[in-house]
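Engineer: Dropping the structure in here first, questions after.
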Amino acid sequence: MTAMPNCRVCGENLREFLDFGSQPLSDAFRRPADPGDEFFFRLAVGSCTSCSMVQLMEEVPRDRMFHHDYPYHSSGSSVMRKHFERTARDFLETELAAPDSFAVELGCNDGIMLRTIGDAGRRHLGVEPSGGVAEIARANGVRVRTDFFEHSVAVDIHREDGPANVIYAANTMCHIPYAESIFEGVAALLAEDGVFVFEDPYLGDIVKQTSFDQIYDEHFYFFSVRSVQALARRFGFELVDVERLPVHGGEVRYTIARAGRREPAPSVAELADEELTLGLHEPATLDAFAVRVREIRDELVALLEGLRAQGRTVVGYGATAKSATVLNYCGIGPGLVSSIVDTTPAKQGRVTPGSHIPVRPADTFGEPYPDVALLFAWNHADEIMAKEQAFRAAGGKWILYVPKPRLV
């Protein structure tokens, strides 16, 4: 574990505003018989007093999080499959319109976005450190290099394939503390008129919705227009476009180009002004967010304890990485949530990190239906509730906790 007393981007002081206490690795689902020596770290978040980048106070070693058995699959959600296919088509119509264009994706996971690029006959490469999902991508015809992206890897790719017209990353940049090496790699690989496009959870949405479960070990940075502008400038780039995205509870897609190569779109100044009006980076705003998080913790536990006192059964839905923060920060274990159902085979038959709640296949949800389901995958609420209409017809109710705990 590496303590981070200073900003990883500019080196200035960090002001801590929220501490979740001791937390496990969010995707370390263990077998019930495994020994009890779990890895824990202090999950706390702070804001840089200079460049405004919000970030974790401590860094978890990357090889503990992103390894061969990493369980998340991008194509597991129909909403996300459509999102990545649409993203690929947009690139093919713009940045990758030329037949010899070259696209590189950082953290390509199971290759759902690059499959569409490859099917269109465009050169492509995924850089994915987790061997298991990289193998799935290869089996689907995607060209993948199993590695962490950094400057030396970028130099190798440029030597073998030439410059990239697009470097893309989805829910990946926020995972990578070593921003300097990433941007040095982008500088070495990107074509002179190319774009670096990444999309990640948006700090503004996290604060507005009090979606505190977006804060866990894998999410090191929490981006905003202001902080991304400072980050880009530091490495000779410029933020030239932003786009709000509805996926994963609210994200922003940032488009970065070499400084002076493209005229920034009006959307950049518009969202920056909105952040200023909201006081997004003011200490008082972040402190108020922390107060609301503590209130949600207390209200959610009280709701679950009340349901237990009434003799009502509660099952979790979606053994997400986000659920690790909720369960461990709130002290929720099998006594309040008997089990969690999930569609990911790698998690089934195991227990949740730290809280040790059994994970069952999603197709056992109705065997029998619980009285109440605590929806951890709240960012897929519409998709899940449409799928589980029989649960509602049987009298079941959902618990949502963003932006506040409530029965639905």
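Engineer: Within the set of pairs 6+ apart or on separate chains, which have a first residue in region 94-117 that is at negative phi and open to solvent by 10 Å² or more (accessible area, probe 1.4 Å), a second that is assigned to a helix (DSSP H, G or I) and among the aromatic types (Phe, Trp, Tyr), and C-beta atoms under 8 Å apart?
Structural biologist: Here the result reads ILE112/PHE84; THR116/PHE84, each pair linking region 94-117 to a residue that is assigned to a helix (DSSP H, G or I) and among the aromatic types (Phe, Trp, Tyr).
Engineer: Before we move on, is VAL155 buried (at least 23 other Cβ atoms within 10 Å of the Cβ) and either of a type outside the set (Gly, Ala, Ser) or out of contact with any His (no Cβ under 8 Å at 6 or more places or on another chain) (or both)?
Structural biologist: So VAL155 does not fit the description; no.
Engineer: If you take the residues in region 267-294 that are closer than 22 Å to ARG15 by Cα, of a type in the set (D, E, K, R) and touching a residue at least 60 places away in the same chain (Cβ under 8 Å), which one is most open to solvent (accessible area, probe 1.4 Å)?
Structural biologist: Going through the qualifying residues, I end up with ARG292.
Engineer: If you go through region 236-275 one residue at a time, how many are modelled with pLDDT under 95 and under 16 Å from VAL186 (Cβ atoms)?
Structural biologist: 0
Engineer: A follow-up question, please. Those residues that are open to solvent by less than 40 Å² (accessible area, probe 1.4 Å), more than 27 Å from GLY279 (Cα to Cα) and not in a loop (DSSP other than H, G, I, E, B), I need them from region 6-29; list them, please.
Structural biologist: Passing the criteria: GLN23, PRO24.
Engineer: Would you tally the residues in region 120-132 being touching a Gly at 6+ places or on another chain (Cβ under 8 Å) and either aliphatic (A, V, I, L, M) or in a helix (DSSP H, G or I) (or both)?
Structural biologist: Count: 1.
Engineer: What about ARG253, is it in a strand (DSSP E or B) and more than 26 Å from HIS151 (Cβ to Cβ)?
Structural biologist: no
Engineer: Let me ask you something else. Could you tell me whether GLY46 is on the phi > 0 side of the Ramachandran plot and not in a loop (DSSP other than H, G, I, E, B)?
Structural biologist: No; evaluated as a whole, the condition is false for this residue.
The rows are residues; the columns are (1) modelled with pLDDT of 95 or more; (2) more than 20 Å from the chain's Cα centre (by Cα); (3) open to solvent by 10 Å² or more (accessible area, probe 1.4 Å).
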position	(1), (2), (3)
ILE167	yes, no, no
ASN171	no, no, yes
TYR178	no, no, yes
VAL186	yes, yes, no
LEU189	yes, yes, no
ASP193	yes, yes, yes
PHE198	yes, no, no
LYS208	yes, no, yes
SER224	yes, no, no
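Engineer: From the list ARG297, ARG262, which residue is part of a helix (DSSP H, G or I), in contact (Cβ under 8 Å) with a residue 24 or more places away in the chain and open to solvent by 60 Å² or more (accessible area, probe 1.4 Å)?
Structural biologist: So the residue among ARG297, ARG262 that is part of a helix (DSSP H, G or I), in contact (Cβ under 8 Å) with a residue 24 or more places away in the chain and open to solvent by 60 Å² or more (accessible area, probe 1.4 Å) is ARG297.
Engineer: Further, regarding this structure: Within region 358-408, work out how many residues are of a type in the set (A, V, I, L, M) and either open to solvent by 30 Å² or more (accessible area, probe 1.4 Å) or within 13 Å of THR313 (Cβ to Cβ) (or both).
Structural biologist: Within region 358-408, residues that are of a type in the set (A, V, I, L, M) and either open to solvent by 30 Å² or more (accessible area, probe 1.4 Å) or within 13 Å of THR313 (Cβ to Cβ) (or both) number 11.
The values are calculated or read from the model by the stated rules, or taken from the named source; none is laboratory data. Just so you know, these numbers come straight off a predicted model, no measurement behind them. Glycine also receives a Cβ, built like all others from the backbone with ideal geometry; neighbour counts cover every protein chain displayed. With ligands, DNA and RNA removed, areas are computed over all heavy atoms of the protein, side chains included. Shrake-Rupley method; radii C 1.70, N 1.55, O 1.52, S 1.80 Å.
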